[in-house]
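These notes are about the structure you will find just below.
The values are calculated or read from the model by the stated rules, or taken from the named source; none is laboratory data. Fair warning: this is a prediction, and the values are worked out from it, not measured in the lab. Note that we place each Cβ from the backbone using ideal geometry, even for glycine, and neighbour counts take in every protein chain shown.
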2 protein chains.
Amino acid sequence: MKVAVLSGGVGGARFLLGVREHFAGTGTEITAIVNVGDDMWLTGVRIAPDLDSIMYALAGVNDTERGWGRAGETERVSAELRAHGVGWPWFTLGDLDLGTHLTRTHYLREGLGLAEATRRITERWPLGVTLVPSTNDEIETHVLTAEGTMHFQEWWTRHRAAIPALGFEYRGSEAATPAPGVLEAIAAADLILVAPSNPVVSIAPILAIPGIRQAITDAPAPVIGLSPIIAGAVVRGMADACLTAIGVATAADAVALHYGARSRGGLLDAWLVDSADAAVVPVIEGAGIRAAAVPLWMTDPATTAEIVRAATAV
Amino acid sequence: MKVAVLSGGVGGARFLLGVREHFAGTGTEITAIVNVGDDMWLTGVRIAPDLDSIMYALAGVNDTERGWGRAGETERVSAELRAHGVGWPWFTLGDLDLGTHLTRTHYLREGLGLAEATRRITERWPLGVTLVPSTNDEIETHVLTAEGTMHFQEWWTRHRAAIPALGFEYRGSEAATPAPGVLEAIAAADLILVAPSNPVVSIAPILAIPGIRQAITDAPAPVIGLSPIIAGAVVRGMADACLTAIGVATAADAVALHYGARSRGGLLDAWLVDSADAAVVPVIEGAGIRAAAVPLWMTDPATTAEIVRAATAV
């Protein structure tokens, strides 16, 4: 069996731990198609936060207490960059993390694409999931605000999404093409999952790359999404600030309707909401999307595997 | 007063500490014109060993015990690169040092020249010496051996110069131009010093850049060199392996004659040898180069300042 998962970073990583756990021992090939809209060049180094968050979590080397980055991290290099006044002082560049960035930069400067660089980087650990960036091209999510337009990282990490977003741009996406393996994974999948990642800055930048949405529309596999909203609040992160900007309510049914039914030109065949949102199941089904309500809190891989099991049964 | 110093890395750094000490409080402007032939790209990062060695020494943040690099250094990032199998496992990339490399890479990727990047990097500390790279262009010293041609760093650091060198190439130097400030510093100098750096891989790559040798020939200031050879042995490093390759004996007078008298188309007006080599003073003077024998061991900045005082008096 083959499973393709559209995924952002930390939330996607947590979800993928459950996907891996659920399919463990079944010979299922899991491919994560990962957002790269948060990627950036910083002090000459290519940073890919979502790819790395997923890799670290699947490798078991992530910092589970802090919730992001590497366990046992230090910031020796970052302190030097601050002393020199370069880089973004508000953006943590851990030393172990920098090892990943430099490895990626090395491959990119050698002329390899991000997908091949990612393949080589992830070879270090037996992840049980194939990570494929959505594109080898450099696309950047920018946030429109009353104070001007800024890179997503600046809005998210520096300003903690406190400046009201007026909209989002996925710069470069119009001219981007899917990375090698993306369309193939979608076409070959027996199941396509949309992780409970941020719809606006994790999933949308993937779908903004010409060809990917169409491939999903044409895919023989069912497309099943999971709500990143539980009881009117985000599971993690600041997705509400993003949804508000694009006029979507912070609600499990609103996000489903935003994605839309595949039978009506949208993305989804089915949608899982949390038990707390069981009341909106009819609304979602009325929009042509099968729905079910189950506990959606991804507290640990075993619990998340149970969520994935529910997703395959909806 | 203005002093220009042609210099390599660690030996040059030690010499410059003495130059600074000697001229302290006199308002003398000291400019070090620094070799960049050892520079390289490694994992997408630009490394400039000679510039950094000098900067760290003048800033007082160098590792005096180990003799190179930063004091209190760690290698967290390097260990990650090794785990990923990229970079040169035999080339130490310290974390603090990497902060410098990333800062430089940041400026270079922004489109600045190495000279301007160096100016900004060195602003962090009151060095008392202006560091100017010999060129903004990328030149690379390569070593010809029976086992093939390799980058100087590979020959020097990996093989400890144990593979006999058959010759040296300063790749890219023919097309290189002096960095902004180099010709100006030479022309404006009241004194030009040739540091007791490696003649073959530190001083020669500077002189290989078209225009620099001519500027020195034309300069109004006296050109005074110091022998890197004492009693037939190198003061530090493996200059003997380099000199042998170009057919120059490891001897204080041989190096002077190799540089040649400025009055006869060479580089030098005067040359200092160690007291142990006093016997060769007449040989050097016979070649048209004023010479004197004084203690040349640069044991500390005060002793080195005394050497510089002797150089100004020869």
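Can you spot a residue in the stretch A:72-90 that is touching a helix residue (DSSP H, G or I) at 6+ places or on another chain (Cβ under 6 Å), polar (S, T, N, Q) and surrounded by fewer than 23 Cβ atoms within 10 Å (Cβ to Cβ)?
Yes; the residues of the stretch A:72-90 include at least one that is touching a helix residue (DSSP H, G or I) at 6+ places or on another chain (Cβ under 6 Å), polar (S, T, N, Q) and surrounded by fewer than 23 Cβ atoms within 10 Å (Cβ to Cβ).
Residue-by-condition table, conditions (1) under 19 Å from B:F152 (Cα atoms); (2) of a type in the set (G, A, S):
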site	(1), (2)
B:E21	no, no
B:V36	yes, no
B:D50	yes, no
B:A57	no, yes
B:T64	no, no
B:L98	no, no
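Failed condition for A:R213, given (1) in contact with a Lys or Arg (Cβ under 8 Å, 6 or more places away or on another chain); (2) over 16 Å from A:V19 (Cβ atoms), with all others met?
Unmet condition: (1).
When you check A:A57 against the structure, is it assigned by TED's automatic domain parsing to the domain that holds A:S202 and in contact (Cβ under 8 Å) with a residue 40 or more places away in the chain, yes or no?
yes
Say we look at the stretch A:111-123 and pick out the residues that are in contact with a strand residue (DSSP E or B) (Cβ under 6 Å, 6 or more places away or on another chain) and of a type in the set (A, V, I, L, M); which of these is nearest to the other protein chains (Cβ to nearest Cβ)?
A:L114
Can you give me the number of residues within the stretch B:298-307 that are in contact with a helix residue (DSSP H, G or I) (Cβ under 7 Å, 6 or more places away or on another chain), surrounded by 14 or more Cβ atoms within 10 Å (Cβ to Cβ) and under 20 Å from B:G60 (Cα atoms)?
4
Considering the stretch B:76-94 alone, what residues qualify as being out of contact with any Asp or Glu (no Cβ under 6 Å at 6 or more places or on another chain), in a helix (DSSP H, G or I) and facing another protein chain (nearest Cβ under 7 Å)?
Passing the criteria: B:E80, B:L81, B:A83, B:H84.
Can you say whether A:T43 is touching a Ser or Thr at 6+ places or on another chain (Cβ under 9 Å) and more than 20 Å from A:L267 (Cβ to Cβ), as far as the supplied structure shows?
When the stated conditions are applied, A:T43 passes them.
For residues that are in contact with a strand residue (DSSP E or B) (Cβ under 8 Å, 6 or more places away or on another chain), within 14 Å of chain A (Cβ to nearest Cβ) and without any contact (Cβ under 8 Å) to a residue 24 or more places away in the chain, tally how many sit in the stretch B:60-75.
1
Restricting attention to the stretch A:27-66, and to residues there that are β-branched (V, I, T) and part of a loop (DSSP other than H, G, I, E, B), which single residue is surrounded by the fewest Cβ atoms within 10 Å (Cβ to Cβ)?
The extreme case among them is A:T64.
Going through B:W125, B:W156 one at a time, which residue ends up being closer than 30 Å to A:R82 by Cβ and of a type in the set (F, W, Y)?
Result: B:W125 is the single residue among B:W125, B:W156 that is closer than 30 Å to A:R82 by Cβ and of a type in the set (F, W, Y).
Taking the stated definitions as given, is A:L108 in a helix (DSSP H, G or I) and within 14 Å of chain B (Cβ to nearest Cβ)?
Criteria met by A:L108.
Looking at (1) outside any loop (DSSP other than H, G, I, E, B); (2) touching a Leu at 6+ places or on another chain (Cβ under 7 Å), find the lone condition where A:E73 falls short.
If we test A:E73 against (1) outside any loop (DSSP other than H, G, I, E, B); (2) touching a Leu at 6+ places or on another chain (Cβ under 7 Å), just (1) comes out false.
Is one or more of the residues making up the stretch B:97-104 on the phi < 0 side of the Ramachandran plot, in contact (Cβ under 8 Å) with a residue 24 or more places away in the chain and either surrounded by fewer than 23 Cβ atoms within 10 Å (Cβ to Cβ) or within 16 Å of the chain's Cα centre (by Cα) (or both)?
Scanning the stretch B:97-104 turns up no residue that is on the phi < 0 side of the Ramachandran plot, in contact (Cβ under 8 Å) with a residue 24 or more places away in the chain and either surrounded by fewer than 23 Cβ atoms within 10 Å (Cβ to Cβ) or within 16 Å of the chain's Cα centre (by Cα) (or both).
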